[in-house]
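Chemist: I have a structure I would like to understand better, so I am pasting it below and will then ask my questions one at a time.
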Amino acid sequence: MRKLTWDVATVNKTRCEVCKGAFGLTRQRFAHKQFCSAQCLERYQAERARRTATFTTPQTSKHRSNHRPPTAFRGATNR
């Protein structure tokens with residue numbers, strides 16, 4: 001007979017963000033994430049620093065640099 005999914009008890013164990021390993025006696029925490037060792041924490045921080053260093057901002061197109069900002073209340077008269 002086939003097992004039904006609600007019959008099987010599933011236990012969600014928290015795992016390390018880097019290596020997906022189980023935690024030992026201590027766990028490191030950083031930025032709402034949990035790591036099994038200081039080595040995994042350092043690996044995560046190095047990867048995060050590498051990602052943010054390579055992030056580039058999008059360049060604006062040439063026609064926007066010569067664009068004049070719109071005037072407020074166009075067509076309104078001063079009284």
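The values are calculated or read from the model by the stated rules, or taken from the named source; none is laboratory data. In this text the structure is predicted, and so the values were computed from the model without any measurement. Every residue, glycine among them, receives a Cβ derived from its backbone with ideal geometry; neighbour counts consider all protein chains shown.
Chemist: State yes or no: is residue 56 outside any helix (DSSP H, G or I) and at pLDDT below 60?
Modeler: No, not satisfied.
Chemist: Looking at (1) in a helix (DSSP H, G or I); (2) at pLDDT below 60, which one does residue 45 not meet, given that it meets all the others?
Modeler: (2)
Chemist: For residue 68, are the conditions met, namely being at pLDDT 75 or above and surrounded by fewer than 10 Cβ atoms within 10 Å (Cβ to Cβ)?
Modeler: no
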